[in-house]
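> Mind having a look at this structure? Questions to follow.
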Amino acid sequence: MLPARRDWVLPSKTASIRGGILKGTTAAGEKAAMTATTLSAEPASAPRPHMDPAFDASLGGAQRYRAAPRPAPQPARRPVPGRRVTWVLPDEPAAVTQARHLIGETLTGWQVPDQIDVAELLADELITNALHHAWGKPLLTLSLIDGVLRCEVNDLSPELPRMRQPDADETSGRGLLLLERLSLRWGSVRTYSGKVVWFEMAARS
């Protein structure tokens, strides 16, 4: 049976750990073990990061290591409430007629009737292209932001439209030329599911 464990002795700078004497341990062995297990009571302090002395002296306390403030986030540019709407159109020729009706009704409610004819014409071209060169049901989106009317048509084909000069005897291929001439700007971009072709017009109420 082991003898009872002895109390710890804590001097001012060091602490000596003394334990019970195991079976077969001599007094000299105990003294050597006690000497080997003497520990420092004050751990070494962590090194300070290197700083220029002049700069270090000019700052005080926690301000030395204070992180630079982050810039305030800018608010996102969003459509005016009630001035953005999206429809799912059928994947059939009737989508063109339905889109004309939706555009005319919406722009009348937004009090921009002067742009109805041109918006319907350009949207017809985008929807027709989506029906002929893509697949799935196209999405039609209208928005009015800061006096600019924007129309978008989403389809499931990743192939972007390319402008070309049609021959005189061709009956198609002029849709992008109309976009170029009648809109403020237009463009196309790929999405995770296909692409979006869009145009913008000045909204005059």
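Quick note: the coordinates plus some simple rules give every number you see, no bench work behind them. Here the structure is a predicted model, which means the values were calculated and not measured. Note: ideal-geometry Cβ built from the backbone for every residue, glycine included; neighbour counts use all protein chains shown.
> If we count other beta carbons within 10 Å of each Cβ, what is the order of Glu200, Glu105, fewest first? Before the final figure, lay out each step's value.
Numbers: Glu200 17, Glu105 11.
Fewest-to-most Cβ neighbours within 10 Å comes out as Glu105, Glu200.
> Here's another thing I want to ask about it. How far apart, in nm, are the 7 Å Cα→Cβ label points at Arg185 and Trp87?
It works out to 2.7 nm between the two label points.
> Right, another one. Just the Cα atoms of region 84-202, one point each, no solvent: what log10 I(q)/I(0) does Debye give at q = 0.12, 0.13, 0.15 Å⁻¹?
The calculated log intensity ratios at q = 0.12, 0.13, 0.15 Å⁻¹ are -0.40, -0.47, -0.63.
> Using a 10 Å cut-off around each Cβ, can you sort Trp135, Trp87, Trp198 from fewest to most neighbouring Cβ atoms?
Numbers: Trp135 12, Trp87 16, Trp198 19.
The fewest-first ordering by Cβ neighbours comes to Trp135, Trp87, Trp198.
> If you don't mind, there's one more thing I want to ask. By how many nm would the segment from Val148 to Ala94 grow when fully extended, if each residue of separation counts as 0.36 nm and the alpha-carbon distance is taken off? Walk me through the numbers before you get to the answer.
On the way: separation 54, 0.36 × 54 = 19.44 nm, distance 2.78 nm.
Extending this stretch completely gives an extra 16.7 nm.
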